Amino acid sequence: MESLLDHLVEITGHRDHDLLDISVMSALINMVGVSEARALELFQTRGELMVRPRVWIAAGKVYTMDNEFISSDVGEPIVAYPSLVTCIAQRKSRYEEVRTDGHRSLWVPIWQNDKVSTCLEIVHDKPFSMHTLQVMEGILSVYRNYQSLLEYSERDSLTGLLNRKTFDERFARLANSKLNEPADKNDRRQAHENKSQWLAVVDIDHFKRVNDVFGHLYGDEVLILVANILRASFRAQDRIFRFGGEEFVILLRATTLEDAHMVFERFRMNVEKHHFPQVGQITVSLGFAAITPETPVVILGHADQALYHAKETGRNRVCHYDDLVKKGVIDLGKQNESSVEIFF
């Protein structure tokens with residue numbers, strides 16, 4: 001009983017999904033004796049339901065979404081896991097299968113309001129007893145409830161995107177990640193030369209006019225639809241935040257400048273081509289900058305300057321901060337003087 005209480009205290013002491021996943025799977029491994037466990041996230045991409053590991057404990061080692069061996073994986077179609085498909089289709093709380101290697105996998109979808117965005121796969125070498133299943137169900141019930149609380153605290157209530165208060169933590173995690181760092185030193189050097197992490201700031205053009213002409217209900221609908229286009233335009237491993245009002249922030253995981261520009265342009269065009277009910281056409285402006293060792297405030301400032309230039313030069317544009325600096329559009333000397341005056 002004491003061990004169970006210790007695990008429950010640890011599970012409910014986190015404010016982070018990965019740490020929560022690790023705690024619940026550690027509890028299952030220590031108390032139930034499972035050989036390995038995975039937390040998988042389910043997500044839509046281009047109309048297809050995909051599955052990707054978020055946290056994985058195997059042979060006593062913990063892998064997370066930010067580990068290079070996992071986070072580079074864009075996921076697999078859920079049909080690659082027929083037992084999981086059956087479990088969800090039949091709305092079961094768990095489903096056990098015998099694998100080809102003789103081990104048993106117990107699939108446990110985490111239901112939240114009739115939807116599943118997380119599923120646990122628990123691997124064991126023999127059938128689970130009824131007592132073991134009851135202990136597991138108790139642990140998973142706490143996990144399910146606490147995950148729901150975390151989701152509620154991290155999400156914007158209107159759009160369902162991540163909210164601003166979660167930004168600093170996610171930014172630090174992305175900035176410190178080594179997703180694309182190969183084992184070979186020469187490959188590592190080449191990867192760093194070609195790829196970077198990116199931060200973009202998005203603003204809906206003339207959004208005030210939408211609220212003034214059509215009313216705030218239609219304005220809210222525009223925000224929801226733009227949020228949906230954002231989800232469809234970026235990868236599951238990228239992070240999208242609503243910063244308030246009509247402003248959004250994107251953290252784009254490691255990719256080249258050319259690809260980053262292409263992805264941001266594709267999103268801009270997706271919004272431009274979309275028909276918004278009653279309102280008609282909506283456009284967005286976007287500014288982006290590379291994530292460097294500088295603080296989130298500085299990087300946000302760079303992306304915001306690029307956004308300001310996009311707004312000032314006609315809107316419905318994508319602008320890159322470093323490109324504007326090279327062209328002399330942004331004066332670094334004046335920028336530094338301004339920063340000293342503001343933050344002194």
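Can SER83 be described as closer than 19 Å to ILE29 by Cα, modelled with pLDDT of 80 or more and either open to solvent by less than 60 Å² (accessible area, probe 1.4 Å) or of a type in the set (Asp, Glu) (or both)? Full working, then the answer.
On the way: closer than 19 Å to ILE29 by Cα: no; modelled with pLDDT of 80 or more: yes; either open to solvent by less than 60 Å² (accessible area, probe 1.4 Å) or of a type in the set (Asp, Glu) (or both): yes.
Considered against the rule, which asks whether it is closer than 19 Å to ILE29 by Cα, modelled with pLDDT of 80 or more and either open to solvent by less than 60 Å² (accessible area, probe 1.4 Å) or of a type in the set (Asp, Glu) (or both), SER83 comes out as no.
Based on what the data block shows, is GLU294 modelled with pLDDT under 95 and either among the β-branched types (Val, Ile, Thr) or part of a helix (DSSP H, G or I) (or both)?
Numbers: modelled with pLDDT under 95: yes; either among the β-branched types (Val, Ile, Thr) or part of a helix (DSSP H, G or I) (or both): no.
Taking the combined requirement at face value, the residue does not satisfy it.
Of all residues in the range 222-265, which are acidic (Asp, Glu) and buried (at least 17 other Cβ atoms within 10 Å of the Cβ)?
Step one: filter the range 222-265 for residues acidic (Asp, Glu), giving 238, 246-247, 258-259, 265.
The answer is ASP238, GLU246.
Restricting the first member to the range 50-65 and to residues that are of a type in the set (Ser, Thr, Tyr), and the second to residues that are open to solvent by 60 Å² or more (accessible area, probe 1.4 Å), the beta-carbon pairs closer than 7 Å and six or more apart or on different chains are TYR63/TRP56; TYR63/PHE69. Every test in (1) out of contact with any strand residue (DSSP E or B) (no Cβ under 6 Å at 6 or more places or on another chain); (2) surrounded by 14 or more Cβ atoms within 10 Å (Cβ to Cβ); (3) among the hydrophobic types (A, V, I, L, M, F, W, C); (4) outside any loop (DSSP other than H, G, I, E, B) is passed by PHE128 save one, and that test is (4). GLY75 passes all but one of (1) within 22 Å of the chain's Cα centre (by Cα); (2) on the phi < 0 side of the Ramachandran plot; (3) modelled with pLDDT of 65 or more; which number fails? The single condition GLY75 does not satisfy is (2).
What's the total number of residues in the range 103-117 that are within 14 Å of ARG144 (Cα to Cα) and in contact with a helix residue (DSSP H, G or I) (Cβ under 7 Å, 6 or more places away or on another chain)?
Of all residues in the range 103-117, those within 14 Å of ARG144 (Cα to Cα) come to 108-117.
Add one more test, that the residue is in contact with a helix residue (DSSP H, G or I) (Cβ under 7 Å, 6 or more places away or on another chain), and what stays is 108-110, 112, 116.
Qualifying residue count, the range 103-117: 5.
Do we find that VAL32 is modelled with pLDDT of 65 or more and not small (Gly, Ala, Ser) in this structure? For VAL32, the condition - modelled with pLDDT of 65 or more and not small (Gly, Ala, Ser) - is met.
Only one residue in SER117, SER153, SER141 is assigned to a strand (DSSP E or B) and small (Gly, Ala, Ser). Which one?
Numbers: SER153 fails: assigned to a strand (DSSP E or B); SER141 fails: assigned to a strand (DSSP E or B).
Just one listed residue meets the conditions, SER117.
The values are calculated or read from the model by the stated rules, or taken from the named source; none is laboratory data. The structure displayed is predicted, hence computed values, not measured ones. Positions of Cβ are backbone-derived with ideal geometry, glycine not excepted, and every protein chain shown enters the neighbour counts. Heads up: the accessible areas ignore ligands, DNA and RNA and are worked out on the full protein's heavy atoms, side chains in. Shrake-Rupley method; radii C 1.70, N 1.55, O 1.52, S 1.80 Å.
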